[in-house]
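Note sheet for the following structure.
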Amino acid sequence: MSAALLGCYDSFKKEALKDNAVIPVLFLNTLFSSLVFLPFIVLSGTTSVLDGSIFHVASGGWEVHKYVVLKAVIVLSSWVLGYFGMKHLPLTIVGPINATRPVMVLVGALLVFGERLNGWQWIGVLLAVASFFLLSRSGKKEGIDFKHDHWIYMIVGAAVLGAVSGLYDKYLMAPVSEGGVGLDRMLVQSWYNIYQCGMMLAMLWLLWWPKHKETTPFHWAWSIVGVSLFLSAADFMYFYSLSLPTAMISIVSMIRRGSVVVSFLFGALIFREKNLKAKAFDLALVLLGMVFLYIGSK
């Protein structure tokens, strides 16, 4: 469910950024996402209505919130890079690049958590790497040079930070007995949205507003609301699955990147993007790599 919702989120994001200023769109996304979770924070802190439910937000002091602030910084950095990159690149290029995140998560798990890759997983990694190089060839047909296009670097940077965020999520959700922090998932999701909103407000005021007349103008689009709603629902499903005792970040991250199928279909059917046959083959390699990662993780 998270993967399907995330695919819709990417597609609405592409539409919201069309001929639009990036920073105010991102600020509104964080604002609406914060408003979605604010009632849960208030009800959890002032009443017992949500006690025992999956929507209850735990309370905590700075010793807890310092981890959430770092989460907000990592995610927001990824989003800033990702939003700028997505605005200037086809969705059928961005989606497969983002789909390589599970590979980065696996490599991160290898380096950080001491996990080891087996033969199946190595095949999955190599297929994902091969798909990236083939995708660069497809991009050249549309005038996109992977080696010299700074929008591509932004999307890759966003994917790397997204993988870092996934590994950090595992650390936050894992119980203390397993070396994690054992944070409440609703506390993390609710408050990191609010912290991001505050950070984006500062960026809006200090960076965008002074020069807004000289840059791309902002215009309202209802797809901006859709971005926040789909992301909030997708993240809710993601954090819930990650909070389960037997959850593995490598598997969760891999399944979640299945969102690329939804966003690819949007790119083909709604945005009428080009060179789809070559990109579909590249995407198929990514998905095949994910299958090998799944088999190797069983």
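The values are calculated or read from the model by the stated rules, or taken from the named source; none is laboratory data. It should be emphasised that the depicted structure is a prediction, and the values quoted were computed from it without experimental measurement. Glycine gets a Cβ as well: all are built from the backbone with ideal geometry, and neighbour counts include every protein chain shown. Calculation scope for accessible area: heavy atoms of the full protein, side chains included, ligands and nucleic acids excluded. Shrake-Rupley method; radii C 1.70, N 1.55, O 1.52, S 1.80 Å.
Structural remarks
- The stretch 221-298 versus the stretch 164-212: alpha-carbon centroid distance in Å: 21
- Backbone N within the stretch 50-94 under 13 Å of label point (7 Å from residue 181 Cα along the Cβ vector): 60-75
- Ranked by the mean number of other Cβ atoms within 10 Å of their residues, highest first, the peptides 58-71, 147-160, 8-21 fall in the order 8-21, 147-160, 58-71.
- Ranked by the mean number of other Cβ atoms within 10 Å per residue, highest first, peptides 206-213, 105-112 order as 105-112, 206-213.
- The slack between residue 69 and residue 248, meaning 0.36 nm per residue of separation minus the straight C-alpha distance, is 62.1 nm.
- Percent accessible area from carbon and sulfur atoms, the chain, protein chains only, probe 1.4 Å: 70
- Applying a threshold of 19 Å to the alpha-carbon distances of 14/213; 87/170; 18/277; 71/170 flags 14/213; 87/170; 18/277 as lying beyond it.
- Global geometry of the chain, whether rounded, prolate or oblate, following the gyration tensor of its Cα atoms and the 1.5 cut on a/c: oblate
- Label-to-label distance, residue 35 versus residue 219, with points set 7 angstrom from Cα along the beta-carbon direction: 2.2 nm.
- Per residue, the average separation of C-alpha pairs within less than 8 Å and at least 6 apart gives the chain a relative contact order of 41 percent.
- Membrane-span-like helices of the chain, defined as complete DSSP H segments with a Cα extent of 15 Å or more along the helix axis and a mean Kyte hydropathy of at least -0.5, are identified as 2-16, 22-46, 62-88, 101-112, 119-140, 150-173, 185-203, 223-243, 259-269, 276-297.
- Estimated FRET transfer efficiency when R0 is 30 angstrom, pair residue 278-residue 107 (beta carbons, to 0.05): 0.70
- Computed helical MRE - 222 nm, the chain, DSSP H runs ≥ 4 contributing -39500 (n - 2.57), nearest 500: -24500 deg cm²/dmol
- Mean Cβ neighbour count within 10 Å, used as a protection proxy, ranking 195-203, 176-184 highest first: 195-203, 176-184
- Separation of alpha-carbon centers, the stretch 64-88 and the stretch 1-16, rounded to whole Å: 17
- Anisotropy class of the stretch 121-272 from Cα gyration tensor, a/c 1.5 cut: oblate
- Rounded, prolate or oblate (a/c below 1.5 giving rounded, otherwise prolate when a/b exceeds b/c) for the stretch 1-116 by Cα gyration tensor: oblate
- Where the chain is the region considered: accessible area per residue in Å², 1.4 Å probe: 47
- Extension gain from residue 207 to residue 268, taking 0.36 nm per residue of separation minus the Cα-Cα distance: 18.5 nm
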